[in-house]
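*Asks:* Dumping the structure here so I can ask a few things about it.
The values are calculated or read from the model by the stated rules, or taken from the named source; none is laboratory data. None of these values were measured; they are calculated from a predicted model. Cβ: placed from backbone, ideal geometry, glycine included. Neighbour counts: every protein chain shown. Accessible surface is based on the protein model in full, side chains and every heavy atom, while ligands, DNA and RNA are left aside. Shrake-Rupley method; radii C 1.70, N 1.55, O 1.52, S 1.80 Å.
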Amino acid sequence: QVQLVESGGGLVQAGGSLRLSCAASGSILRLNAMGWYRQAPGKQRELVARISNGGNTNYADSVKGRFTISRDNAKNTVFLQMSSLKPEDTAVYYCQGSGLSIDYWGQGTQVTVSS
């Protein structure tokens with residue numbers, strides 16, 4: 001069992017930056033990949049960024065060039081650096097870990113971008 005705890009959300013003005021952190025209770029190397037998802041009110045949860053154990057990354061088109069996902073295996077933590085934030089980035093952001101046969105999710109952290 002892996003527990004994921006997000007932090008770093010908050011209120012920021014458009015054009016600003018935030019860094020989200022996701023701390024895992026166990027080794028994230030046990031997971032195949034880690035990701036950040038987001039869900040805005042009335043919308044489906046969507047993938048924002050993903051990073052494999054080997055460090056390969058992929059991003060949603062809407063955040064390419066603005067967001068960066070990274071991981072610190074020694075600290076069992078995954079980060080999402082968000083820059084040039086837009087009001088449409090407002091959502092609850094969830095950390096996700098892909099196990100062999102199960103996905104683990106954090107409780108989410110709210111990001112609100114004001115115009």
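*Asks:* Residue 44: under 20 Å from residue 1 (Cα atoms), open to solvent by 40 Å² or more (accessible area, probe 1.4 Å), in a loop (DSSP other than H, G, I, E, B) and modelled with pLDDT of 95 or more, yes or no? Steps first, please.
*Replies:* Numbers: under 20 Å from residue 1 (Cα atoms): no; open to solvent by 40 Å² or more (accessible area, probe 1.4 Å): yes; in a loop (DSSP other than H, G, I, E, B): yes; modelled with pLDDT of 95 or more: yes.
Judged against the criteria, residue 44 is not a match.
*Asks:* Here's another thing I want to ask about it. What residue, among those in the stretch 1-13 that are in a loop (DSSP other than H, G, I, E, B) and farther than 12 Å from residue 112 by Cα, is modelled with the highest pLDDT?
*Replies:* To start, the set of residues in the stretch 1-13 that are in a loop (DSSP other than H, G, I, E, B) comprises 1-3, 8-9.
From what's left, farther than 12 Å from residue 112 by Cα: 1-3.
Values: 1: 81, 2: 89, 3: 93.
If we take residues in the stretch 1-13 being in a loop (DSSP other than H, G, I, E, B) and farther than 12 Å from residue 112 by Cα, then 3 is modelled with the highest pLDDT.
*Asks:* Any chance the stretch 73-83 includes a residue that's modelled with pLDDT of 95 or more, surrounded by fewer than 15 Cβ atoms within 10 Å (Cβ to Cβ) and not in a helix (DSSP H, G or I)?
*Replies:* There is at least one residue in the stretch 73-83 that is modelled with pLDDT of 95 or more, surrounded by fewer than 15 Cβ atoms within 10 Å (Cβ to Cβ) and not in a helix (DSSP H, G or I).
*Asks:* Between a first residue in the stretch 13-26 that is β-branched (Val, Ile, Thr) and a second residue that is part of a strand (DSSP E or B) and open to solvent by less than 50 Å² (accessible area, probe 1.4 Å), which pairs have beta carbons less than 6 Å apart while being 6 or more apart in sequence or on different chains?
*Replies:* From residues that are β-branched (Val, Ile, Thr), there are no pairs.
*Asks:* Still on this structure: So, of the residues in the stretch 26-41 that are modelled with pLDDT under 95 and in a loop (DSSP other than H, G, I, E, B), which turns out to be farthest from residue 80 (Cα to Cα)?
*Replies:* 41
*Asks:* Name the single residue that is most open to solvent (accessible area, probe 1.4 Å) among those in the stretch 88-105 being among the small types (Gly, Ala, Ser) and more than 11 Å from the chain's Cα centre (by Cα). First the steps, then the outcome.
*Replies:* Step one: list which residues in the stretch 88-105 are among the small types (Gly, Ala, Ser), which gives 91, 97-99, 101.
If we keep only those that are more than 11 Å from the chain's Cα centre (by Cα) as well, we get 91, 98-99, 101.
Values: 91: 2, 98: 11, 99: 13, 101: 116 Å².
Restricting to residues being among the small types (Gly, Ala, Ser) and more than 11 Å from the chain's Cα centre (by Cα), the top hit is 101.
*Asks:* What residue, of 51, 69, is farther than 15 Å from residue 18 by Cβ, crowded, with 20+ Cβ neighbours inside 10 Å and without any contact (Cβ under 8 Å) to a residue 60 or more places away in the chain?
*Replies:* Working: 69 fails: farther than 15 Å from residue 18 by Cβ.
Exactly one residue qualifies, and that residue is 51.
*Asks:* Now a separate question. Within the set of pairs 6+ apart or on separate chains, which have a first residue in the stretch 74-103 that is touching a residue at least 40 places away in the same chain (Cβ under 8 Å), a second that is open to solvent by 40 Å² or more (accessible area, probe 1.4 Å) and among the aliphatic types (A, V, I, L, M), and C-beta atoms under 7 Å apart?
*Replies:* That search, which allows pairs on different chains as well, returns 76/23; 77/23; 85/14; 86/14; 87/14.
*Asks:* Can we say residue 16 is modelled with pLDDT of 95 or more, touching a strand residue (DSSP E or B) at 6+ places or on another chain (Cβ under 8 Å), of a type outside the set (Val, Ile, Thr) and outside any strand (DSSP E or B)?
*Replies:* On the way: modelled with pLDDT of 95 or more: yes; touching a strand residue (DSSP E or B) at 6+ places or on another chain (Cβ under 8 Å): yes; of a type outside the set (Val, Ile, Thr): yes; outside any strand (DSSP E or B): yes.
Here the answer is yes, as residue 16 does meet what is asked.
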